[in-house]
Amino acid sequence: MIINKEPFPKRKPTHMKSFDYSENHRYFITICSDNKRKMFSDISVGEGCSPLGRRHEVTEGEASPPRNAPPVIHLSAIGKIIEEQLLALSTRYPEIEIENHVIMPNHLHMILRLENTGGASPSPTTHDIICTLKSLVTRSCRQIGYRGNIWQRSYYEHIIRNEDDYKNTWIYIYNNPARWSEDEYYQ
């Protein structure tokens, strides 16, 4: 067995030095699985479902499944935990809203809106929120017996700067399952 002893590439900082990541903004965030392993979901095509899980109603005389049916995301046990913890974040942090997300086989995309209302306690930063999500998911996965690493270190973050950027990001997330077969980690 050959073991690759090449060092991992040096990661560049993802944060802008002068930006306050607890400010009211929308953020596009991507978090990858450990070593980009496919462990969060499977994606299939042609089952008549949208990535959001809505069934396509087959009408009388229509072939099933419909042509060009959107891909279907089948969450693994870990993927279900990720979705549950992701959607529960707004209970822990009332200042946030997950406006869009998709759980791919080896990564998670989301649009996170942070809306600080100026309360007495300091607003969480995106880093605080992502660390909490990773920790809660890891803890829940340990409770069902999973012992391996779940997350890649760090995450990708982009500050959504305007409405066009927001629309493009939303479309990117929505279309991501349809492009899965083009991903370098598909095989």
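Of note:
- Of the trypsin sites (Lys or Arg not before Pro) found in the stretch 106-187, those that fall in a DSSP loop while having at most 16 other beta-carbon atoms within 10 Å are 147, 153, 161.
- With a cut-off of 9 Å between beta carbons, the residues surrounding residue 75 carry a summed charge of -1, where Lys and Arg count +1 and Asp and Glu -1.
- In plain terms, the chain from residue 143 to residue 34 could stretch by 37.4 nm, reckoned as 0.36 nm per residue minus the Cα-Cα distance.
- Spacing of the two label points (7 Å from each Cα toward its C-beta) at residue 88 and residue 115, in nm: 2.3
- Here each label is just a point 7 Å from Cα along the line to Cβ, and for residue 182 and residue 158 those points are 1.4 nm apart.
Readers should treat all values here as calculations from the given coordinates under stated rules, not as data from a laboratory. What you are looking at is a predicted structure, and each value in this text was computed from that prediction instead of being measured. Positions of Cβ are generated from backbone atoms using ideal geometry, with glycine treated the same way; all protein chains shown enter the neighbour counts.
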